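The values are calculated or read from the model by the stated rules, or taken from the named source; none is laboratory data. As the structure is a computational prediction, the values presented were derived from the model and not from experiment. Here the Cβ positions follow ideal geometry from the backbone for every residue, glycine too, while neighbour counts run over all protein chains shown. Ligands, DNA and RNA are stripped out before the accessible areas are found, and what is left, the full protein with its side chains, is counted by its heavy atoms. Shrake-Rupley method; radii C 1.70, N 1.55, O 1.52, S 1.80 Å.
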Amino acid sequence: MIVTIASGKGGTGKTSLAVNLARTLERTRDTPVQLLDCDVEEPNAHLFLTGTPLGEETINIAVPDFNPDKCDACDKCVDFCQFNALASVGKTPLLFPELCHGCGGCMLVCPQDAIREKDYRIGVVKTARAGSITLKSGCLDIGVSLASTLVHALKERLEDGITTILDAPPGTACQAVATLRGSDFVVLVTEPTPFGLHDLTLAVDTVRALDLRFGVVINRVGVGDDRVQRYCAAEDIPILLEIPDDRRVAEAYSRGELIVDALPDYLAHFAQLWHNIAHHAALEVAA
């Protein structure tokens, strides 16, 4: 099963939930787990799941490479590009590789066969192992805007048949949607504040538009009010877990420790979370 941990806003505890759930599955189910850190602009799961590095793979996209001897400056490629990655300048078009999405359309429309493709690096995928947890992290190069492309590349390296947790980027932008697609279940992490509720409603609209099964985890219960609980009840959204506003959790997080390692009493809560995820996923499948 592929479970995506997502949130409508940053700072709700999404990554903390993902890494602790992975550790809980490793301990309670004695089964391999893979965790993909799809927050490629700010990957941080490795800060909590320290392990043995297994390698790093460079991710490239194919960008156009012009043959000036063949190009007659017809500009058909420039007109075709919807991302403004090509500009008509001089004998051959000027390429802005940071805007190119590697679709290859310019090469197809060139009547002179003057375009070939070359690699353009956008980032890396790092793999590490911590116990029976395999962590794959996407890391977008500085100045590159193709977060969704790197997310797709990261998900292509997912190993079938293994319980998988995806740590999604916060929000509802393209890279978050790219992470959510194909999930068997989505856990939306929020907090009991006005901002938390507002951004939760945006995330709910997104997963419903993608026709994905989902539930909610409320973090830091006690800092706000019960408006998130009332919203979930009105929308018939299952609340999978409520995590109290516990200073001990914040202290463990600040030390880079997993909650279930520093506070063993929380292991049962995260085990119950997985039980609730499996239960509601099965209910939806049966329906």
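With the structure loaded, tell me whether Val78 is aliphatic (A, V, I, L, M), at pLDDT 95 or above and either under 30 Å from Asn20 (Cα atoms) or in contact with a helix residue (DSSP H, G or I) (Cβ under 9 Å, 6 or more places away or on another chain) (or both) or whether it fails that test. Criteria met by Val78. Scanning the range 238-251 turns up no residue that is over 28 Å from Arg23 (Cα atoms) and either at pLDDT 95 or above or open to solvent by less than 40 Å² (accessible area, probe 1.4 Å) (or both). The set of residues from the range 138-171 being under 17 Å from Asn20 (Cβ atoms) and part of a strand (DSSP E or B) comprises Thr163, Thr164, Ile165, Leu166, Asp167. Scan the range 156-165 and give yes if some residue there is touching a residue at least 40 places away in the same chain (Cβ under 8 Å), in contact with a strand residue (DSSP E or B) (Cβ under 6 Å, 6 or more places away or on another chain) and among the hydroxyl-bearing types (Ser, Thr, Tyr), otherwise no. Yes: one or more hits.
Determine whether the range 77-87 contains at least one residue that is farther than 30 Å from Ala128 by Cβ, touching a Lys or Arg at 6+ places or on another chain (Cβ under 8 Å) and outside the structural domain of Val260 (by TED's automatic domain parsing). Before the answer, list the steps.
Filtering the range 77-87 down to residues farther than 30 Å from Ala128 by Cβ leaves 77-87.
Okay, now just the ones that are also touching a Lys or Arg at 6+ places or on another chain (Cβ under 8 Å), so none.
No, the conditions are met nowhere in the range 77-87.
Residue-by-condition table, conditions (1) open to solvent by 30 Å² or more (accessible area, probe 1.4 Å); (2) part of a loop (DSSP other than H, G, I, E, B):
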{"site": "Asp79", "(1), (2)": "yes, no"}
{"site": "Gln82", "(1), (2)": "yes, yes"}
{"site": "Val89", "(1), (2)": "yes, yes"}
{"site": "Thr92", "(1), (2)": "yes, yes"}
{"site": "Pro97", "(1), (2)": "yes, yes"}
{"site": "Cys100", "(1), (2)": "no, yes"}
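Using the structure shown, decide if Ser7 is crowded, with 22+ Cβ neighbours inside 10 Å and farther than 24 Å from Asp211 by Cα. It is false that Ser7 is crowded, with 22+ Cβ neighbours inside 10 Å and farther than 24 Å from Asp211 by Cα. Does the range 184-207 include one or more residues that are open to solvent by 40 Å² or more (accessible area, probe 1.4 Å) and closer than 30 Å to Ala62 by Cβ? No, there is no match, as no residue in the range 184-207 is open to solvent by 40 Å² or more (accessible area, probe 1.4 Å) and closer than 30 Å to Ala62 by Cβ.
Looking only at strands (runs of 3 or more DSSP E) that lie completely in the range 172-287, which have at least 2 residues being touching a Pro at 6+ places or on another chain (Cβ under 9 Å)? Even if it seems obvious, please write down each step before you answer.
Details: elements: 185-190, 214-221, 239-244.
Those strands (runs of 3 or more DSSP E) span 214-221.
Give the residue that is surrounded by the most Cβ atoms within 10 Å (Cβ to Cβ), with candidates limited to residues of the range 37-53 that are in contact with a helix residue (DSSP H, G or I) (Cβ under 8 Å, 6 or more places away or on another chain) and under 19 Å from Glu257 (Cα atoms). Here the answer is Asp37.
Out of curiosity, is Gly182 small (Gly, Ala, Ser) and modelled with pLDDT of 95 or more?
Details: small (Gly, Ala, Ser): yes; modelled with pLDDT of 95 or more: yes.
It is true that Gly182 is small (Gly, Ala, Ser) and modelled with pLDDT of 95 or more.
When Cys106, Cys139 are checked against the criterion of being more than 19 Å from the chain's Cα centre (by Cα), hydrophobic (A, V, I, L, M, F, W, C) and surrounded by 16 or more Cβ atoms within 10 Å (Cβ to Cβ), a single residue qualifies: Cys106.
To keep it simple, each residue is scored yes or no on (1) assigned to a strand (DSSP E or B); (2) open to solvent by 20 Å² or more (accessible area, probe 1.4 Å); (3) in contact (Cβ under 8 Å) with a residue 24 or more places away in the chain.
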| position | (1), (2), (3) |
| --- | --- |
| Thr15 | no, no, yes |
| Thr24 | no, no, yes |
| Arg27 | no, yes, yes |
| Gly55 | yes, yes, yes |
| Ile59 | yes, no, yes |
| Asp65 | yes, yes, yes |
| Lys70 | no, yes, yes |
| Ala73 | no, yes, no |
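Determine whether Ala147 is at pLDDT 95 or above, surrounded by 14 or more Cβ atoms within 10 Å (Cβ to Cβ), of a type outside the set (Phe, Trp, Tyr) and assigned by TED's automatic domain parsing to the domain that holds Val40. Taking the combined requirement at face value, the residue satisfies it.
Determine which member of the set Leu258, Leu200, Leu263 is in contact with a strand residue (DSSP E or B) (Cβ under 6 Å, 6 or more places away or on another chain) and in contact (Cβ under 8 Å) with a residue 12 or more places away in the chain.
Numbers: Leu258 fails: in contact with a strand residue (DSSP E or B) (Cβ under 6 Å, 6 or more places away or on another chain); Leu263 fails: in contact with a strand residue (DSSP E or B) (Cβ under 6 Å, 6 or more places away or on another chain).
Matching residue, one of Leu258, Leu200, Leu263: Leu200.
When you check Leu212 against the structure, is it aliphatic (A, V, I, L, M) and open to solvent by 10 Å² or more (accessible area, probe 1.4 Å), yes or no?
Yes.
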